[in-house]
Amino acid sequence: MRLLISILITALLACLTSWLFAAWWMIAVIPFLVAIVSKQKPGQAFISGMLAIALLWLILIVKTDTANERILSSRMAQLFGLGHILFLIVNVVLGALVGGLGGWSGASMRKIYREKK
């Protein structure tokens, strides 16, 4: 239950801050901060950050992709020599890795700081 709450909070805050600051890198900062505040273990923080950002990016990509009738994503997929679906999957996986590593970094930072005291 705690993991689910952490995933929801991370996804909502990442969506809100990315929209407010127009910065994609907020998907790493928010899992970092949530992992510190929620006192997660590094493995749990990685999983929660990864799932939260993967779900968030999947929703945002599908929403944006359907709004412009897949024009931009199809052209980008051609540019990289990928299929349309594979291109979307690669984007979601990259976002998930950034979110997971952000959460893992936050939990590890908290663990290191706690051990130094």
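Numbers at a glance
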{"quantity": "Test: residue in segment 46-55 that is of a type in the set (A, V, I, L, M) and farther than 22 Å from MET1 by Cβ", "calculated": "no"}
{"quantity": "In segment 14-28, residue nearest to the chain's Cα centre (by Cα) [restricted to those that are surrounded by fewer than 19 Cβ atoms within 10 Å (Cβ to Cβ), aliphatic (A, V, I, L, M) and assigned to a helix (DSSP H, G or I)]", "calculated": "LEU16"}
{"quantity": "Among the residues listed as ILE89, ILE30, ILE53, the single one being more than 22 Å from LEU8 (Cβ to Cβ) and either among the aliphatic types (A, V, I, L, M) or in contact with a strand residue (DSSP E or B) (Cβ under 7 Å, 6 or more places away or on another chain) (or both)", "calculated": "ILE89"}
{"quantity": "Test: residue in segment 37-44 that is within 23 Å of LYS111 (Cα to Cα), in contact (Cβ under 8 Å) with a residue 40 or more places away in the chain and within 11 Å of the chain's Cα centre (by Cα)", "calculated": "no"}
{"quantity": "Filter result (without any contact (Cβ under 8 Å) to a residue 40 or more places away in the chain and surrounded by 13 or more Cβ atoms within 10 Å (Cβ to Cβ)) within segment 94-117", "calculated": "LEU94"}
{"quantity": "Considering residues of segment 58-71 that are over 14 Å from the mean Cα position of the chain (by Cα) and surrounded by 12 or more Cβ atoms within 10 Å (Cβ to Cβ) only, the residue farthest from GLN40 (Cα to Cα)", "calculated": "ARG70"}
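Coordinate-derived values only; no laboratory data. This structure is a prediction, so every number in the text was calculated from the model and none was measured. All Cβ positions, even for glycine, are placed from backbone atoms using ideal geometry, and neighbour counts span all protein chains on display.
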